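The values are calculated or read from the model by the stated rules, or taken from the named source; none is laboratory data. These figures come from a predicted structure and were not determined experimentally. All Cβ positions, glycine included, derive from the backbone under ideal geometry; neighbour counts span all protein chains shown. Accessible surface areas use protein heavy atoms only, side chains included; no ligands, DNA or RNA. Shrake-Rupley method; radii C 1.70, N 1.55, O 1.52, S 1.80 Å.
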Amino acid sequence: MISFHDLRIDNDQEKMSILKCIETVFDHGQFILGPEVTEFEKTVAKYIGKKYAIGVGSGTDALFFALKSLDIGQGDEVITTALSWIATANAIKITGATPVFADINNDLNIDPDSIERLISPNTKAILPVHFTGKICNMDKISQISEKYHIPIIEDACQAFGATYRGKKAGSFGKISCFSMNPMKIFAACGDAGCIVTDDIECYNQIQALRYNGTVNKETCLYSSLNGRIDTIQAAILLHRINQLENIIEKRRRIASYYQSALNKFVKTPHEMPWEKDIYYTYTIQTKERDKLKNYLEKRGVETKIQHPILMPLQPPYLQCKRDIKKAQTIVKDILCLPANEKIIQKEQDMIIKSVYDFFSDTYE
Ligand SMILES: *Cc1c(COP(=O)(O)O)cnc(C)c1O
């Protein structure tokens, strides 16, 4: 069986390095907002090219605090994509605001024209998601943001390390959000997240928001939650950021190998010359999706559909404004193949052969 994820830390050297990170935190005892958190924040800010970074408990926390720091709430609308992990819509909804769902293009990212169609006097933010680790069309989205004076909050949870015209995911928005949960490519050993911004006011507000809206641990300025990052996770992330480029390169090589072998049979992810995707998922599109998924399962290849239900079709969001015609067609065709950096050559070849056999058996 080729499994979709393999999150085990089975390399002894890597295991020892991570245990050492944890031991350092045991020794100083500052489990919350310890020195590794400050170091992690500095490192991420520099990597993205933003002035400030704030470590938080998860990507969901990051989105919620980012929205709150722009005073988004009751009566406001936030335009986002139809296709994402549900955390994106939930973060908007729990501020009291309403998500408005835009359509997607064939690259699975939000369609800028659809954003423009959905803008209303109540629109307070545009929240694009760099789905699958591919950055959205930020040229057009930035133009729309400027034209209507509506800030961008990037959901870059799947795209840490991706670039677009040489700029990193998270460097486009007024505020940008990352998740470092164990499934993500830049991953902690538990839940973790981060927010970046150049805006000092947002920065100060988010510092308070991540700890019950308090300043100096006493005065409460805003109603909020506890969403701080653990020092242990920050310490592990500081170690792991050194391996990130290597992991991204491995994933990109696998993607390019799949692309040349599979594009005759299915629609494969496509990169523009100015894009560098990180392939959080390797998502193909085919009209034979369900049959192919079953066939691969029988051949011992685990696949996933991320995500089979569009956010606007989930029960809490059925009443929200939407423009999702293309998304409704595309969502039936998407399938994620195992493409993480631990998939060895032999397994890649077996996956390719299985797809090849499926289409040969079906059509010859
Ligand atoms: C993972 C993810 C989130 C949420 O991150 P968590 O750390 O799991 O809370 C939000 N948006 C997208 C697009 C994600 O992939």
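Treat every Asp and Glu Cβ in the chain as -1 and every Lys and Arg Cβ as +1, leave all other atoms uncharged, and give the resulting dipole magnitude about the Cα centre to the nearest 20 debye. Don't skip to the answer; put the middle values down first.
Working: 45 positive and 45 negative charges, 101 e Å.
Roughly 480 debye for the chain.
Relative contact order of the chain: what whole-number percent is it, with Cα pairs under 8 angstrom and at least 6 residues apart?
Working: 739 pairs, mean separation 82.1, N = 364.
RCO, the chain: 23 percent.
Could you tally the net charge around residue 48, taking each other residue with its Cβ under 13 Å from the Cβ of residue 48, Lys/Arg +1 and Asp/Glu -1?
Numbers: positive: 42, 46, 50, 51, 167, 168; negative: 41, 154, 198.
Combined, the nearby Lys, Arg, Asp and Glu give +3.
Measure off, as a whole percent, the carbon and sulfur share of the 1.4 Å-probe accessible area of region 277-364, all protein chains present.
Details: 2400 of 4360 Å².
Taking all protein chains in place, region 277-364 shows 55 percent carbon and sulfur surface.
From the convex hull of the Cα coordinates of region 1-97, what is the mean projected area in square nanometres? Kindly include the intermediate steps, with their values, before the conclusion.
On the way: hull surface 39.5 nm².
In nm², the orientation-averaged hull projection of region 1-97 is 9.9.
What part of the accessible area of region 95-148, given as a whole %, is carbon or sulfur when the probe is 1.4 angstrom? Please report the intermediate quantities before stating the final value.
Working: 740 of 1780 Å².
Looking at region 95-148 in its full context, I get 42 percent from C and S.
Scan around residue 123 for amide H atoms under 5 Å from its own, H built in the peptide plane at 1.01 Å from N, and keep only partners 5 or more places away or cross-chain.
Sorted by chain and number, the residues that satisfy this are 77.
Which value, in Å to one decimal place, does the Kirkwood hydrodynamic radius take for region 71-197 when every pair of different Cα atoms is included?
Numbers: mean 1/r = 0.0689 Å⁻¹.
About 14.5 Å, per the Kirkwood formula over Cα pairs.
Which residue, 123, 81, 38, has the most motion in a Gaussian network model of the chain that connects Cα atoms within less than 10 Å?
38
So what are the ³J(HN,Hα) numbers for region 56-71, from phi and the Karplus equation (6.51, -1.76, 1.60; θ = phi - 60°), rounded to whole Hz, Gly and Pro as x?
10, x, 6, x, 5, 4, 4, 5, 4, 5, 4, 5, 4, 5, 9, 6
Pull up the DSSP beta bridges for the chain and report the antiparallel fraction as a percent, rounded to 5. Present the calculation step by step, with values, prior to reporting the outcome.
On the way: 26 of 42 bridges.
Bridges in the chain that DSSP calls antiparallel: roughly 60 percent.
When the solvent-accessible surface of protein heavy atoms is calculated with a 1.4 angstrom probe, in what order do 239, 270, 28 fall, highest first? Numbers along the way, then the final one.
Numbers: 239 40, 270 115, 28 65 Å².
Sorted descending by solvent-accessible area, the residues read 270, 28, 239.
What 222 nm value per residue comes from the helices of the chain, counting each DSSP H run with n ≥ 4 as -39,500 (n - 2.57) and dividing by all residues, nearest 500 deg cm²/dmol? Don't jump to the answer; show the numbers that get you there.
Values: 12 runs with 142 residues, N = 364.
Rounded to the nearest 500, it is -12000 deg cm²/dmol.
Please list the non-local residues whose amide H lies under 5 Å from the amide H of residue 228, H modeled 1.01 Å from N, same-chain partners needing a gap of 5 or more.
57
For the pairs 20/50; 184/326; 134/326, note any where the Cα-Cα span goes beyond 21 Å. Please report the intermediate quantities before stating the final value.
Values: 20/50 29 Å; 184/326 27 Å; 134/326 18 Å.
As for pairs spanning more than 21 Å Cα to Cα, those are 20/50; 184/326.
Tell me, what is the per residue accessible area of region 192-257 in Å², probe radius 1.4 Å?
Details: 3140 Å² over 66 residues.
For region 192-257, the per-residue accessible area is 48 Å².
What order do you get for 342-349, 310-317, 58-65 when each peptide is scored by the mean count of other beta carbon atoms within 10 Å, highest first? Walk me through the numbers on the way to the answer.
On the way: 342-349: 14.1, 310-317: 17.5, 58-65: 28.0.
The packing order, highest mean first, is 58-65, 310-317, 342-349.
Taking a cut-off of 19 Å between Cα atoms, list the lysines near residue 147, but don't count ones fewer than 8 places away on the same chain.
In chain and number order, the partners are 124, 174.
For region 124-170, what is the accessible area per residue in Å² when the probe is 1.4 Å? Can you show the working numbers first?
Values: 1510 Å² over 47 residues.
Result: 32 Å² per residue.
Rounded to a whole number, what % of the accessible area of region 16-63 do carbon and sulfur atoms account for, probe 1.4 Å? Display every interim value, and only then the final one.
Numbers: 1430 of 2410 Å².
The nonpolar share, carbon plus sulfur, comes to 59 percent.
Give 250/276; 287/346; 42/342; 46/342; 15/298; 276/332 a once-over and call out the pairs whose C-alpha atoms are over 23 Å from each other. Walk me through the numbers before you get to the answer.
Values: 250/276 13 Å; 287/346 27 Å; 42/342 29 Å; 46/342 28 Å; 15/298 34 Å; 276/332 26 Å.
287/346; 42/342; 46/342; 15/298; 276/332, as the Cα separations exceed 23 Å there.
Assuming R0 = 25 Å, what is the FRET efficiency of residue 117 and residue 263, from their Cβ-Cβ distance, to the nearest 0.05? All intermediate terms of the calculation are to be shown ahead of the outcome.
Details: r = 32 Å, r/R0 = 1.27.
In this case the efficiency is close to 0.20.
What three numbers, in Å, describe the spread of the alpha carbons of the chain along their principal axes, ordered from the longest?
Per principal axis, max minus min of the Cα coordinates gives 72, 54, 37 Å.
Return the sequence-ordered ³J(HN,Hα) values of region 72-82 in whole Hz as given by the Karplus equation 6.51 cos²θ - 1.76 cosθ + 1.60 applied to θ = phi - 60°, using x for Gly and Pro.
7, x, 2, x, 8, 10, 10, 8, 9, 7, 6
Find out how many positive minus negative residues lie around residue 98, taking Lys and Arg as positive, Asp and Glu as negative, among other residues whose Cβ is under 13 Å from that of residue 98.
Details: positive: 93, 124, 321, 322; negative: 76, 77.
Overall, the nearby charge balance is +2.
Residue by residue, what Karplus-based ³J(HN,Hα) values in Hz, rounded to whole numbers, does region 127-141 have, using 6.51, -1.76 and 1.60 with θ = phi - 60° and x for Gly and Pro?
For region 127-141, the Karplus-derived couplings read 10, x, 10, 7, 6, 6, x, 10, 6, 5, 6, 6, 4, 6, 5 Hz, x marking Gly and Pro.
Give me the Kirkwood hydrodynamic radius of region 256-345 in Å, from all C-alpha pairs, to one decimal place? Don't skip to the answer; put the middle values down first.
Details: mean 1/r = 0.0673 Å⁻¹.
Answer for region 256-345: a Kirkwood hydrodynamic radius of 14.9 Å.
Once amide H atoms are built 1.01 Å from N in the peptide plane, which residues 5 or more positions from residue 192, or in another chain, come under 5 Å H to H?
Those qualifying (amide H under 5 Å, at least 5 residues apart or on another chain) are 59, 180, 181.
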